[in-house]
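Every number here is computed from the coordinates shown, using simple stated rules; none is lab data. Please read all numbers here as calculations on a predicted model, not as lab measurements. Cβ atoms come from the backbone with ideal geometry, glycine included; neighbour counts cover every protein chain shown.
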Amino acid sequence: MKRDFVSILDFTKDEIYEIFDITKRLKSKKEKPLQDKTFVLIFEKPSLRTRVTFETGIVQLGGASIYLAGKDIGFGVRETIKDIAQNLSRWVDGIIARTFAHKSVEELAKYATIPVINALSDDEHPCQVLADLFTIYEKVGKLEGVRITWIGDGNNVCHSLMLGAKLVGAKLTVATPHGYEPKEFYIKNSNAKIIHDPREAVKHAEFIYTDVWASMGQEAEREKRLRDFQNFQVNSDLLKFAPQNTYIMHCLPAHRGEEITDEVIDGPNSIVLEQAENRLHVQKAILVKLCG
């Protein structure tokens, strides 16, 4: 029976740790379980980390990939998502989709008879958050009870982090300005504490995580968001209220000088590049679990 990875909720806690075990193995050992398999990457949104890590990972696992920008196939316009999914199912072994609407990934998964992986949608970014949780696990050797603080917009990464933290038993606090809270579905399906004071939020944080204030598709809101988020910058002043050895996280790309300062993202407690590297290894493990 085919499995999809559209949301963090598609995996159980045990399966997340199974993926972590595969990840650890693949970081130290070359394997080619995807020999002669081909994957299509459908990307409505541009990408550095997501595209490079998926394409590199597929090659390292022995497979091949085909990249299709949304305009290349008229995704959902020239041809319905249903027809795209059913045609691709006859030709390739998996679909990796980076879309605007979350329902587009859900529709691909509904009609495809091959695994579909959500490489980012407006509502969720599950591959990123699995890599984040693995990075935390590498640093402290556990996830149960680990205190994570999210500072900034209640966006797609925040949504997936909320779901993932509950699954693994981590304690998540989300600090965001009024009006930028996560969607109600994710609040109801998580144990995250939602507050509006970043100083209070970081008081006991073992990990502080931030992201851009205006994501792709929100450019028109940029100036208003810069004003609304000005007190939510992760900088040396904010870190005075956090424990001394708090780790700093960012999913990248970063708008340096906006949501985070150079001295923090480049500082000794930053694990941003570890997160980025682990995208490669964790996504390889997801591919092996679903398609190997």
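Here are the numbers:
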{"item": "Protection proxy ranking of 17-27, 71-81, 276-286 - average other beta-carbon atoms within 10 Å, highest first", "result": "276-286, 17-27, 71-81"}
{"item": "Options Leu172, Pro115, Ala201, ranked by Cα towards positive dipole end of the chain, top entry (Cβ charges)", "result": "Pro115"}
{"item": "0 to 90° range, to nearest 10: angle between helix 13-28 axis and the chain longest Cα axis", "result": "80 degrees"}
{"item": "Top of Asn118, Asn156, Asn235 by mean-square fluctuation, Gaussian network on the chain, Cα under 10 Å", "result": "Asn235"}
{"item": "On Cα atoms only, tilt of 49-60 relative to the major axis of the chain in degrees", "result": "40 degrees"}
{"item": "Loop trypsin sites (Lys or Arg not before Pro), the range 186-249 (other Cβ atoms within 10 Å of the site Cβ: 15 or fewer; DSSP)", "result": "Lys203, Lys240"}
{"item": "Option label - Cα extents along the principal axes in Å computed here, alternatives [x] 56, 43, 33; [y] 70, 42, 37; [z] 55, 41, 39", "result": "[x]"}
{"item": "Computed label-point distance, nm, for sites Thr56 and Asp83 using a 7 Å Cα→Cβ extension", "result": "3.7 nm"}
{"item": "Simple Cβ-charge dipole of the range 1-40, Lys/Arg +1 and Asp/Glu -1, about Cα centre, in debye nearest 20", "result": "300 debye"}
{"item": "Gain in span if fully extended, Lys110 to Phe185, counting 0.36 nm per residue against the direct Cα distance", "result": "24.9 nm"}
{"item": "Percent breakdown of C-alpha pair distances by 10 Å bin, ordered from the shortest bin, for the range 128-275", "result": "12, 47, 36, 5, 0"}
{"item": "Set Lys2/Lys103; Lys139/Lys166; Lys2/Lys82; Lys183/Lys203 screened for pairs whose C-alpha atoms are more than 21 Å apart", "result": "Lys183/Lys203"}
{"item": "222 nm mean residue ellipticity, helices alone, for the chain (DSSP H n ≥ 4; -39,500 (n - 2.57); rounded to 500)", "result": "-12500 deg cm²/dmol"}
{"item": "Between the range 73-131 and the range 213-266, the alpha-carbon center distance in angstrom", "result": "30 Å"}
